Each structure stands twice: as C-alpha cells, then as structure tokens.
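Input: a single structure, listed below in structure tokens.
Just so it is clear, none of the values below were taken in a lab; they were calculated from the coordinates. Bear in mind that the values here come from a model prediction, so they are computed numbers and not experimental data. So basically every Cβ, Gly included, is an ideal-geometry build from the backbone, and we count neighbours across all protein chains shown.
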Amino acid sequence: MPNKKINKKSASKSGEMGLHLSMPFTTNNDTFHALFNYASIGILITNASGEILMANKYIEQQFGYELGELIGKKVEILIPPRYGARHVKHREGYSENPHSRPMGLGMELSGLRKDGSEFPVEVSLGHYKIENDNYSLAFINDITQRKETEQAVIQLNAHLEEKVKEGSQSLAITVEQLSSQIKETERKDAELERVNTFLNNIWNHAGAIIFVSDKAGLLQFFNPSAEKWLGYSAAEAIGKLNVLDFHLEEELVQKAHELSGRSGQTISSGFDVFVTAMALGVNNNQEWHYVRNDGSTFFVSLNITQLKDNHNNVSGYLGIAIDISEKKKAETELRAALEKEKELNELKSRFVSMASHEFRTPLSAVLSSAYLLSRYEKTEEQPQREKHIQRIVSSVTSLTEILNDFLSVGKIEEGNIEANYKEYDIKEQMHEIVQEVQHLLKKEQTISYQHNGTTSSVYMDASMMKHIVINLLSNAIKFSSEQSIIELLTETTKGKLALSVKDYGIGIPEEDIHNLSKRFFRSSNVTNIQGTGLGLHIVSKYAELMNGIINCKSELGTGTKFTITFANNKP
C-alpha cells in the first residue's frame, strides 16, 4: 500500500474526524485494504494540484511502475505527451468545478506505460473534501485486459507477523530502540487511519456500483452508488438480496450455456456462472443488463473478483459495476447510422446505374431522330419527318416520366407529402387519364374503362390517385403485347372505392410479387424492357398514404391484375 503522506495538519484532522460511514467497514481495516488492493481496476487518488497521493498495486502494474514510484508524480505522467497540455487544462477546470463523472460515456482514453507503450482505458472520476483540501479519486479500467490484483491482505498479514516475530526476538534491545519502535507503530497507525479515511471516501463517493457478497452471492455490503442506481436501500439489500437478483434470467442462461460448452460440464444459470468464469480464467469484465427495483434495466460493465482470507480460502466476492448505458446507446445509434449510410450508398449506386441506362436510350433516340429530321428536306418526305418527331415526343415523354418518378420518390422519402382529400367525380378523372396515356399505347392496344356503382362521387386525393392510375396503366401497356386490351375498372360501394387495372401481358413470377413495392426492384422476366423499378414503389406509397390496400394476382404468360381498395367516407 503506497504511504505518501499528506501534510501533518490534514493527517491530524483525518484522525480527529473519525470514521462515520454508512457501512460496517470502519472496524475492519483488512476489509478496506481488500477493497483497495484486490479491486481488479486501477484506483488513483490525487490532490487539487494533480499530484498522485495514492495508487493501488493494480494501476502500478498496469502502467509498469514499481511500488510507490508514482507517489508524488503529476497524474500527467500516465497520459501520452500529445494530450498532456490539454489534460492540465481539463484538470484545472475540474478542480474549480468538481463533479462525479461515471465511466462509459463513449470516451476511450489512452494510458501511457513507463516503457512508453500506450493502451486504451476508461476513467471514472469522483471527488471529496477534507477541510479545505479537495481530493479526486479515479477508477482507471484497462479495457483490453483485466488482471487480478495481488493478495495485498496476505502480504500485509505476513509483514505484520514478521514484525511480531522480530519483536519477540528483540527482547534485549535498548529502551531507546523500544521507544523508536513505538513511535514507528504510532506512525503506521496514523497512516492506516488516513488510508482508512480515503477508502471510506472511495466507498461513499465512487461513481461505480460496489458490493461485497458471500460465497453464494448473498449481499454483505452495498455502497451508496449501488443504492442510487439499483433503487434498493442498504437495509433492503444486505443479507436479503443475491447478486443474481440484479440480472436478467435469459442472460444468465445464455452465459451458462457458453460456459458449459467451454468447460465440458453442465453449468447452472445461478451464481455458478460467475464462479465458473473465474475458475476458467474467463475475462469476467462483461456487459450485462442490470434490473432496478422498479423493473427498469440499464447496461453495466461488471467485474467480480474473489476475496480471500488469511488461509487463502475464498471468503466472498467483490463486485464493481459501471453504468455504460450512454455508451451502448451511442453504439446503437452509430450502427443505425452506418446501416443507413450503407443503404444510401447502395441506393445511390443503383440510381446512377439505372439512370445512366434509362436516360441513354431516349436521349439516343432524340439525337438520331433530330439528325434524320435534318436530312428530310422534300415535301414528300413529311411522313418520315412525322415519324421521327413522334419518336422525339415519345422519348421526351419517357424522360419526363422518369424525372417525375424520381421527384415523387424524393418527396415520399422526405415525408413531405400528405393526402389532400376532396370530393370529385372519379369517372371524369379516369376518362381524362385514359386520354392522357393514349400516346403510350402500342399498335392497336386499347384501354377499356368501366365504372360500377350508384355514384361516381369519391372523397380522395385526386393528385395521388392520378399518379397511381398512370403508373399502373403505364406498366400494363409496357408489359402487354400489341393488339391487347387493358381493363380499367372503378367501383363504388358503401364507404369504399375499388380500383383495378388488368392486363393480358407477360405476367409476374410468383417469387417476385412480394418485392414489387421495393425501390428499383424489377421482376426477373422484364430486365430487357425499359423501366426504373420505381412505379410500383410510388403506387404502394401513395396507396398507403390514402390507407389503401393493394392486392396483386398474376400468372406468367396470362397477365396481371392490380386491385386497390380505399375507404371512401366524407367526414
């Protein structure tokens, strides 16, 4: 145990203050030393100037220093030089406004070993005050490897036993030597009391959940942070709750299954999960869900280590749990953002590929027709000119439709479209749409329109309805042969409107039907036919905005029928 002294005044006052804490550690210094020295997490105590007053053995091993070598050094010795100046400012600001900072806020820091190597750490800060002196305490967690701490209590007992033996063998020493030994003992007692005070402050002010259990997991000690985070008072927890009460059963079962496979024997989902993990040397610093008294859960990084008695027998377990909910939330949001970015990049790639193909064909037709038009100068060549003018018009129309599809998809994805309902005549609208798509019809193709119902008045978004019908008719025309009939039907019944478009074209493979509403999806049997794969996506989105239900029936080589049913109720 490092024994760097604070000034005499502080040490004296620490003795005068006594140990008035909410845990039964004040009468058992060995237990406090066990908490300090057995914790498999680095612990530092510094003053307001950043000087290291105490450092447990685990952190000395982490950073490669000898026993006591860190005492009196500035805490920046443990930080890579490139961060040193900035850390001094952070430390000075923290001294002016000290506050606890729990571990797991998504901040990964770097520690600097004595040999110059670096390793990732997480840091939790706490603070306390003795008289007018401010002290900071830090838990430093090596997130790449957890090491068990040395058995400090056994070493201390051995040291004390050795001193007792030396004392029994020194009966012939002089009075002056005895007086010197007494003074040394008093100095050590004062030092132990000072350390005890520090450990009590660690227990009461640490931002981490700290508990001690017996060999079966029954709680024996429960620090204030544990009361705060888990919602139990120490009286409710100690001697009544088990460590397992804070865990989800399904996570314990899963961990037991993993350990059973690793150990070759059946491990129960009880406290054996933790005991077996330690026996197998498994890194026990694991992420778990902790369950509060009110049933809510939060993520923690939990480390459980053994506590041993003077005979090196396991007497219980020390647990330290750190809230990492914010870290897990940030990780989840980051993963979602990465998936969204991946999807966006894929869509961009597909868009560029599709657009370059779909724009090239009509633009090539426009270019060639424009060139040929310039070659027809005679009056009798007017039919040829009309033919190429029609090709230009058709190609421009195709480009316009593609651009309209892109604009519609963009507005839909942005969520900027809402249904604007109004009452109008559906028969009149369908007749207008049929006339509007006449230029798309192949040779001797016809559209047959019929309306059934006692009324043709509907309460719909006329613009969305037009987009739906034009897309369905365009697909029916595109995937049907010449001289074929396309059937358009509207039917009004009480409170409903049914719209259907039926063709006798190439049909859709059964395995493709459930993908028709996806962006850029094209059925496997139409890859040689021009199209963007956006039409049915737009139809499905507009139908959804108007609470429509789409049904598709298709048979290869026979044709396809789309039916959309809408509620038709004027408020």
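Observations on the structure shown:
- Taking only the alpha carbons of the stretch 40-99, we obtain Rg and Dmax values of 11.7, 33 Å in that order.
- Taken one residue at a time, the phi angles of the stretch 318-330 give Karplus couplings (6.51, -1.76, 1.60, θ = phi - 60°) of 9, x, 10, 10, 10, 5, 10, 4, 5, 5, 5, 5, 5 Hz. Gly and Pro are set to x.
- Between Asp425 and Glu186, the simple label model (points 7 Å from Cα in the Cβ direction) yields a spacing of 11.3 nm.
- Stretchable slack from Ile389 to Ala235, in nm (0.36 nm times residue separation minus alpha-carbon distance): 46.3 nm
- Fraction of alpha-carbon pairs over 20 Å apart in the stretch 417-571 - percent: 47
- Loop-located trypsin sites (Lys or Arg not before Pro) in the stretch 222-331, at most 13 other Cβ atoms within 10 Å (DSSP): Lys240, Arg292
- Backbone N atoms of the stretch 284-310 closer than 17 Å to the 7 Å Cα→Cβ label point of Glu251 belong to residues 284-305.
- Solution diffusion estimate, µm²/s, Stokes-Einstein, the stretch 216-345, Kirkwood Rh from C-alpha pairs, 25 °C, viscosity 0.890 mPa s: 149
- Rounded, prolate or oblate (a/c below 1.5 giving rounded, otherwise prolate when a/b exceeds b/c) for the stretch 240-295 by Cα gyration tensor: prolate
- DSSP-loop GluC sites (Glu not before Pro) across the stretch 408-509, with at most 15 other Cβ within 10 angstrom: Glu418, Glu444, Glu482
- Violating pairs (Cα-Cα greater than 31 angstrom) within the set Lys342/Lys541; Lys114/Lys183; Lys422/Lys541: Lys114/Lys183
- The stretch 445-511: trypsin sites (Lys or Arg not before Pro) in DSSP loop, at most 15 other beta carbons within 10 Å: Lys494
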